[in-house]
Every structure is written in structure tokens, then in C-alpha cells.
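Have a look at the structure below before the remarks.
The values are calculated or read from the model by the stated rules, or taken from the named source; none is laboratory data. Only a predicted model underlies this, so the values are computations on that prediction, with no experimental measurement involved. Glycine gets a Cβ as well: all are built from the backbone with ideal geometry, and neighbour counts include every protein chain shown. Areas reflect the complete protein model, heavy atoms only, side chains present, ligands, DNA and RNA absent. Shrake-Rupley method; radii C 1.70, N 1.55, O 1.52, S 1.80 Å.
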Amino acid sequence: MNGLKIMMALVNNWDLKKINNAIYDEDGEKPHYAVSDLGASFGRTGNFLTRSKSNLRDYRGTKFIQKAKPEQVDFYLSSRPFFLTVLDVPNYVTRTKMQSVVKEIPRTHAKWLGQLLGRLSPEQISDCFRAAGYSPVEVEAFAKVVQGRIADLNQL
């Protein structure tokens, strides 16, 4: 599960509602974790006034690792709603709690995911963006940011 959490931080997915994610338990198998909606990714996390999606400048300008401690890593994810929306208490609480999803991740889990993702070639990473319909310039730029974040995981 921590690998999936780190991936959400890596792609800056700010819409981590339960409806967009699932855990499937098959008879006697390990649980399978799935993300069904990545539309709110590759931009900047934040509240409805500051967040973005599929925005290269915003994605490139965001930080990935907030704090690396000896045993744990905190990743950036800002999801606290605009303060005036506190009137919708359930939404405010839910969105604020989302920030903790990518905190206190065991360092060994982050390193494991970095090693796993490190097996991807630059072409494979670029192919993901190409298949999503990005322009050639965007493909190259988004892929470089992802490669940098994978390198950050491998430097832990």
C-alpha cells in the first residue's frame, strides 16, 4: 500500500477520495490496490484555488520529498481546502486528512519503489505520456520530471 501512496505523491494526484481508489481482496490472495481515477495528476496539489492538473509548469515546480528521516520519509501533498470552506466540515476534514496519507512512509518502502521504478527505461516513461496524448515537448518534459523523482527515491 505504501508503494501506491508514494506513486500518488510522485504524480501529484490530489484527488485521493475513496471513490477513486479500491482494495480488492481475492480468496486467499494478498490484497490488490487499485487507483481508478488519475485525472487530478501531474500538476500542483492544494486547495481548489491553487491546485492544477496536467500542467507541466506546476508539476515541474513542485517538490516531491518533504523530509527524509532515518527510518521514514514524508512526501509533499497539499490538500487542505481553502479556509472559508470550513463550513462544509465533512469535506474540510476529509481533504485535510488526505495530506497525512503520504507521511511517515517507511524509508525501506520508498527505496523499494525507487528500485522498482528504476527498471523503467526513459523510453518506457515517455511512452506513458505519449499514450496519454501529450505533445512531443510535453512528453519529454513530463518524463524528465518523473525520472528525477525516481532518482530522488533511489538516493534515499
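Say we look at the stretch 1-14 and pick out the residues that are at pLDDT below 90 and in contact with a Ser or Thr (Cβ under 8 Å, 6 or more places away or on another chain); which of these is least open to solvent (accessible area, probe 1.4 Å)? Looking at the filtered set, the residue picked out is N13. Selection over the stretch 48-73 of residues that are under 13 Å from Q99 (Cβ atoms) and surrounded by 17 or more Cβ atoms within 10 Å (Cβ to Cβ) gives a count of 1.
Would you mention how many residues in the stretch 15-47 are in contact with an Asp or Glu (Cβ under 6 Å, 6 or more places away or on another chain) and either open to solvent by 40 Å² or more (accessible area, probe 1.4 Å) or in a loop (DSSP other than H, G, I, E, B) (or both)? The number of residues fulfilling the criteria is 4. Could you please let me know if V139 is open to solvent by less than 40 Å² (accessible area, probe 1.4 Å) and modelled with pLDDT of 95 or more? It is true that V139 is open to solvent by less than 40 Å² (accessible area, probe 1.4 Å) and modelled with pLDDT of 95 or more. Within the stretch 128-156, residues that are among the hydroxyl-bearing types (S, T, Y) reach partners that are open to solvent by less than 20 Å² (accessible area, probe 1.4 Å) with beta carbons closer than 8 Å, at six or more positions or on different chains, in the pairs Y134/F142. N55 fulfils the conditions (1) at pLDDT below 80; (2) out of contact with any strand residue (DSSP E or B) (no Cβ under 7 Å at 6 or more places or on another chain) except for a single criterion, (1).
Within the stretch 82-129, the residues that satisfy the criterion of being aromatic (F, W, Y), modelled with pLDDT under 70 and open to solvent by less than 70 Å² (accessible area, probe 1.4 Å) are F82, Y92.
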